[in-house]
Each structure stands twice: as C-alpha cells, then as structure tokens.
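Please read the structure below before turning to the comments.
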Amino acid sequence: MKPVLKQKVAFFHPTGFIDGNNAIDIIAPLDIDELVRLKPDGIFISLKKVIFFNKRGICILVESLQRVREKNGAIIGFCDYNLKKYSMIIDIFKDDLFFSLFDTCEIAMLFLGNTPKDAGEKNIIIYHDNNEYKNQLAIELYERGYAPLSAKDEIEFTSKARMADFALRYSYLGNFDKNPTVFIRENIIIYTLKGFVDSTMDNSFDMLYHNNSLQVGFKVFLFDASNVSSINIHGVQFISKLSIIGAEYEAVVAICGLNARKISKKLVHDLEDSGVVIYPNITDIFADKELLAQTHSTQSVVKKSKGITKELISYLPVISEATLKTIEILSKHISVRTAIKIQPLEPLNSQEALSVTLGFYGDIKRVFILIFEKQTALECCKILLEEKHNNSELLEALSEFVHIVGGKIIQNISKMGKKIEITMPRTFENLKDIITAQKGKKGAQIDMRIDNKPLSLFLTK
Amino acid sequence: MLSKSTINNYIDSVPPVPKILKDCIQAINEADMIKAANIADEDKALVHYLQQIVNKPIFGFANEIKQTRQIFGILGLARVKQIIYSYFVLLLLPKKWEVFSFDTHKFQDLQARLILHWSKILEKIGNQDKNLLGAITIIPATLIVCEMLFRNVKDTISILKVKKNMSYEAILIKMSGRTLFELAAIIAKKWEFPETTIEFIADIADVKKGDFGANARALQFVRLLLIYEFSTPVMIQSSLSDLFELPSDFDEHLLEEFHTIIQEQF
C-alpha cells in the first residue's frame, strides 16, 4: 500500500480489518525500502477506516515501522483512532509504548509539519490523565510556535474541546527523538536537535533536503538546541560546515538554546568563527526583524555564476508538456501558449497571483517556477481542496499540485534516460517575493493562457 | 475528468441479458429444477462457469462436480440463481485490467467468496428475502464499472491516490456526484433484477437515509462483508482495499456476530 506524503510525513490509510494475514501487505517490503530512501521525519498509520484489528496485525505493522526507524530514525506511530482503538493499543503494548500516538492526522502534523503563519492563534487544548505526558505535548507544541492550552481536568477539557481547532485527549509523544527533525516556520528552516550532537549527525542529517532548500531559496536555517544534552567538536564541525556551504548561497545558519553546560566556550567561538549566528532562544530569532526581512529580500536563489545553457533549453519541451498536460487534466481547460522567451522572470500583470518554486536535482539541476492567477490555481486544485478552505489551505493544495507536476516531469525526463528527483515545492503568496528572489537571472519563460487567464512557467538554473 | 455522457455511454454499452439466461432464471423462479438445468446445459460457457465456481476450494466439495443437474441439486435453486446472476456480471469483464492489477481468476474467487458468505449471513440472521440473496452478485460489477470508467482518467486517478487519501468511490463521487452502488443499481435495473434487489443495492452506500426498515440489519452486514472481503491480502496487493466509501462505525456486538458467522465452515 502506498503511503500519502504530507510534507515530511508519510501516512498509511489501511481500511477494514487488520490481522496477521493482511498486515504484512499494508506496509510491504517494497514500501519499507521506499520509506528508507525517502527519509521522512514521521511515518504514521491512520486507523480512521479500520473497523477491527487484532494484536498480531498491529504488532506486524509496528515491526514494519520499526524496521524503517532503525534505518533512518523516523518517528513512528498511529493516528486517527477513537477511545476503543486507543485502549486496545495501550493494552497490547502496555509499558512498552515506544511510538507516538496522535488523535488525528492533523494533530500529528502540528508536531511534525511546518508551522503556519497563524500558529499562535490556533485554539489548541490538551489533556492527558498523566500530567507528565500532558506537559511534554504542550512544551513540544509551544516550541514549534503554537500556544496550546493545558486543561487541568477532564471537565475543563470537554467544555473547551468543542470550540477548539485541535483537541488532544488521547495523544502521546512517545520516543519523539529523531535528531534532527525539520520544519519550516515563517520561511525559516528549523532543525530541532535532541540529546547528544556528535558525529552521528553525519548519518542522520538529510543533506539532500538541506541542499535543495538552499537551491529553492531558503535563506535562514536555525538549529534549535534547547533540548540538547551536549554538543561536541564533531557536532560543531558539522554545523560550521553547513554555515560555510550556506555562505555561497547568501544563507545564514543560526543556533539557539546553548548554555555553558551544553557546549564549551571554545566551541562557541568556533561556531562564531564559521559565521554561525547565536541566539539565546527561539523567540529571539523571531524577534529579530532584520533577520526575518532577510528571509524575503534576497538576491538570487542560486549561485550567481550560473546562467542559461543550450542544455537547459533542450529539456523545456518535456517539462512544459508534462506541466500543461497536468494543468489541463485537473483544471478541465485547454491551454494556449502565447510566448516563449529567454529573459529574466517577467511575471503576470495580476493583483492576485500565486507562485511556486520547485528544484530538480540528480542528472539535471534546475529551478522551476509556476505563476498562476488565483482563479486558475483554484481550478487546478479544486479536486485537492475541500469545499470550504482558506488561503493557506489553497497554498498547501497548490504546493501539492506542483509536486504532482514535478512527479510527471520526473517520469517524462526518465524516458530520456536521465534520473532526477524533486525538492518540496515552496509557495509564494506575494509576487514581489518571487521577483526579488529571481532578480537579474535569465531563464526560459513560457507564457500561456488557461481559460483566457495568464499563467507563466519559468525554468532557470 | 468524468463527464455525465461518459458514464451514460458506459451504461448504454452494458449488454442486455441473453435470452437463454432469462429463460433459465424464469424456470428457477417457477422452481422447475430439471427445466432450468436443461436450459443451462444449452449454454456451454455457463455450464463451464458453474463448474468452475462450484469446484472452488471455498465450497469445500471433496469430488469434482461436473453434471449440471448435479450442480443444481447440490447448490439448490436459490444459490444457482446467484451464480447465474454472477455469470451476467462476467459479460462486463474486461479482457485486460488497466487501472487495477486484477485478473479474471481473482475476480471469480471474489464472486465465489461473496456468494458463499452472504448466503451464510442471511441464513444466520434469519432474513428470508430471496431477492436480497441475489443482490451480492451484482456488487463485483462495481469493480468493473470503476475499472472501465477510470481508464480514460488513469493519470488523474493515480495523481489523486498519491496525494490524497481518497477511496476510488470518493473520487467517483467528487467527479460525477454518483456512488458506485448507484451505478450498480442502474445496471441491475437494466438486467431486470427484482425491484427490492435494486433498492437494496442502491441503499448500501446511502448513509443519509435514516430508516432502512426491515433491511437495516442486512445492510449493516453487507457493508461489513464488503469491507472484510476487500481487506484481504489479494485486494490490498491489487490496490483495491479502498474501493468503497463505506461507513466504518459498527456496533461491537454486530462485529462479533459477523466474525462468528464468517468463521463457520460451509
């Protein structure tokens, strides 16, 4: 069964009955290999459509998840259950509950997904019979930028849960110990470090994700060391190395949450010498307006020395065909190409335009940008959206849509004998941001009209 | 995307029931076993199908059953009628499966299991309505309908399956506003199934209609049976475990009762 990927979290959605006969087919050996390769931060099994499971079935699923966790440290667990299913899991695993449990998929995403802009305004209520577990959940959310409310008893929880955006009643953090986990908050990539930061970072850190984030234009990378026990010279060297790599892209690497117990003075100086910016804690970085401004006002998303080449142009037909076909399928409109130009990015003349960037890597390295009219974006994403949605859900759906386009491009490029992969898409709500990010860079731009509304595709190195 | 005309064209392309099968069903309805077996004998493909189904391991007969009259005698007219209805469904079977990694052999296995389990369930819950017995035979047709309708939008379907947790039926509802069971009921009507059978099939996916009257219990069991049969390893491997959009909230006692019935030997 293929998992559904949401940011860096993979969700399995089995249906019906789970027992010793079929559990092995829910996360098959091929799925395990794929998950090891994908290096997700979390892998969860949704029990929403499961009507019955037995001990043997659930143990096989946990064993399969555990096999992935052993290889890449992913956080594993279950979500979308009711009290009955929760009690059964607790009963089966008793004192050996090493995985995480989250009431719903959406709640799992609070802990493992990117932090939305309005995180502080989300109405989150938490209650757990065990005070320690309740506090762990609250602290973890607080550190991610949310402002959860911890109910003092079940009565308070029940009365407030009705009005809450998220109500955590049967959630349990478990071994929430992936080192590091990553999420994006206000355009800052935050790596949460835990325990000992040493030479093991080399294996557990997803370097590909980091490089791709640099490629698509992220400018600030923060290592949150609040929950770290200690950092040794190997850990410092690793972070310093990232700071030096980042300098080529004009990116800043910062660290927060350090103190004298965790790191020696000399190592702090080493970090500073390699350009790592040090903040006392995570709130200080979000109070630094100058730094936050830097996440938007940037010169170029890639190294300046690179320009367009004949090779870049040669992939244009394949990329544009895959893109247009997907847009036509999902928007139900025919596209008409109006112009193909080699020029710096010239965006649509529109008040309400949304744009997405996507990086390719592997045999071909490119940055791909799509700029939509909001209405076209809505039509393309209609099938991915619920009837009622807000702007951030539209942006998320647009990001999923461009990820789909990217998947199609991978297929078509592979027919040419080239192997490529894609980064996670990055969405821009504001046209100014994407223009600034691409300032002075030439690329191939295809202008087209979908249902008489403009759409631009820009491909650059 | 799926248009109304694509769906209508598909329904129009469903062939009518051949005269020989109609006559055979008529004879069964008149409880004339010899006449029904003689008519069935004229259709070699039907005889072969009956032999294949009845000799599947799930029926548990020690010796191979070959003679049509023998098959009719052993199974009884009600179950033979179910199998003949299942044979109708085979008229729709594609030569090659494109959307699902499925084949004729697996399809016939599914038909046999559904027929057998459904008969057991109706017997145990004391539902005597013979028209409900036949309802199970048309349900595998939903799988064929899904395969045929989604062929032209295969790319969109695979995109949606990767990015969204949507069952095939949920995708169909989003694209056309119709459930798989509504389409199955239309086919059943075209094949002149009894009115109560048609209504029962359409009700399987209906979670809004509050009162299902005398059939309420049978409907809960048929939903459970479908969820159960579509959770088997074969169905998971064929990406068919999330074909339907059925409710997953069942009473614990009902679930226990269901387990007991399913585990009983034929």
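I'm trying to understand the selection: among the residues of segment B:234-252, which are under 17 Å from residue B:139 (Cα atoms), charged (D, E, K, R) and more than 9 Å from chain A (Cβ to nearest Cβ)?
Across segment B:234-252, the qualifying residue is only B:245.
So for segment A:371-383 (the condition being modelled with pLDDT under 85 and either under 26 Å from residue B:158 (Cα atoms) or surrounded by fewer than 21 Cβ atoms within 10 Å (Cβ to Cβ) (or both)), does at least one residue qualify?
Within segment A:371-383, one or more residues are modelled with pLDDT under 85 and either under 26 Å from residue B:158 (Cα atoms) or surrounded by fewer than 21 Cβ atoms within 10 Å (Cβ to Cβ) (or both).
Considering only residues of segment A:128-145 that are surrounded by 19 or more Cβ atoms within 10 Å (Cβ to Cβ) and charged (D, E, K, R), which is farthest from residue A:177 (Cα to Cα)?
Residue satisfying both the conditions and the ranking: A:134.
Taking the residues in segment A:321-366 that are of a type in the set (S, T, N, Q) and within 16 Å of residue A:442 (Cα to Cα) as candidates, determine which candidate is surrounded by the fewest Cβ atoms within 10 Å (Cβ to Cβ).
A:343
If we only count helices (runs of 4 or more DSSP H) wholly inside segment B:45-153, which ones have 3 or more residues that are charged (D, E, K, R) and under 17 Å from the mean Cα position of the chain (by Cα)?
By residue number, B:104-124.
Does any residue of segment A:243-258 turn out to be within 22 Å of residue A:198 (Cβ to Cβ) and surrounded by fewer than 18 Cβ atoms within 10 Å (Cβ to Cβ)?
Yes: one or more hits.
Kindly indicate whether any position in segment A:39-58 is within 24 Å of residue A:112 (Cα to Cα), more than 8 Å from every other protein chain (Cβ to nearest Cβ), in contact (Cβ under 8 Å) with a residue 12 or more places away in the chain and part of a helix (DSSP H, G or I).
yes
Output the residues belonging to segment A:58-91 that are farther than 28 Å from residue A:194 by Cα, surrounded by fewer than 16 Cβ atoms within 10 Å (Cβ to Cβ) and more than 29 Å from the chain's Cα centre (by Cα).
If the condition is that a residue be farther than 28 Å from residue A:194 by Cα, surrounded by fewer than 16 Cβ atoms within 10 Å (Cβ to Cβ) and more than 29 Å from the chain's Cα centre (by Cα), then A:83, A:84, A:87, A:91 are the ones that fit.
So which residues in segment A:24-38 are within 23 Å of residue A:114 (Cα to Cα) and surrounded by fewer than 21 Cβ atoms within 10 Å (Cβ to Cβ), if there are any at all?
A:34, A:36, A:37, A:38
Within segment B:41-78, restricting attention to residues that are among the charged types (D, E, K, R) and exposed (fewer than 13 other Cβ atoms within 10 Å of the Cβ), which residue is nearest to residue B:89 (Cα to Cα)?
Ranking the candidates gives B:44 first.
Out of the residues in segment B:214-233 that are of a type in the set (A, V, I, L, M, F, W, C), more than 20 Å from residue B:144 (Cβ to Cβ) and crowded, with 17+ Cβ neighbours inside 10 Å, state the one that is farthest from the other protein chains (Cβ to nearest Cβ).
B:218
Scan B:246, B:183 and give me the residue that is of a type outside the set (D, E, K, R) and either at pLDDT below 90 or over 30 Å from residue A:2 (Cα atoms) (or both).
On inspection, the qualifying residue turns out to be B:246.
Out of the strands (runs of 3 or more DSSP E) lying entirely within segment A:106-185, which hold 3 or more residues that are at pLDDT below 90?
A:181-185
Restricting to segment B:155-213, give me the number of residues that are within 14 Å of chain A (Cβ to nearest Cβ) and in a helix (DSSP H, G or I).
Here the count works out to 18.
Would you point out which residue out of A:355, A:320, A:399, A:350 is in a helix (DSSP H, G or I) and away from every other protein chain (no Cβ under 14 Å)?
The match here is A:320.
For every residue, the table says whether it meets (1) of a type in the set (Gly, Ala, Ser); (2) on the phi < 0 side of the Ramachandran plot.
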position	(1), (2)
A:45	no, yes
A:48	no, yes
A:55	no, yes
A:58	no, yes
A:62	no, yes
A:74	yes, yes
A:80	no, no
A:86	no, yes
A:93	no, yes
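Is it fair to say residue B:255 is facing chain A (nearest Cβ under 10 Å) and part of a helix (DSSP H, G or I)?
In short, yes.
Is at least one residue of segment B:214-224 outside any helix (DSSP H, G or I) and in the same structural domain as residue B:122 (by TED's automatic domain parsing)?
Checking segment B:214-224: not a single residue is outside any helix (DSSP H, G or I) and in the same structural domain as residue B:122 (by TED's automatic domain parsing).
Could we say that residue B:127 is surrounded by fewer than 16 Cβ atoms within 10 Å (Cβ to Cβ), closer than 21 Å to residue B:193 by Cβ, of a type outside the set (Asp, Glu) and in the same structural domain as residue B:169 (by TED's automatic domain parsing) here?
In short, no.
When the residues of segment A:8-38 are filtered to those that are part of a helix (DSSP H, G or I), of a type outside the set (D, E, K, R) and within 8 Å of chain B (Cβ to nearest Cβ), which remaining residue is nearest to residue A:400 (Cα to Cα)?
Taking the candidates together, the pick is A:26.
The values are calculated or read from the model by the stated rules, or taken from the named source; none is laboratory data. In this text, all values refer to a predicted model and were calculated from it rather than measured experimentally. Note that each Cβ is placed from the backbone with ideal geometry, even for glycine, and that neighbours are counted across all protein chains shown.
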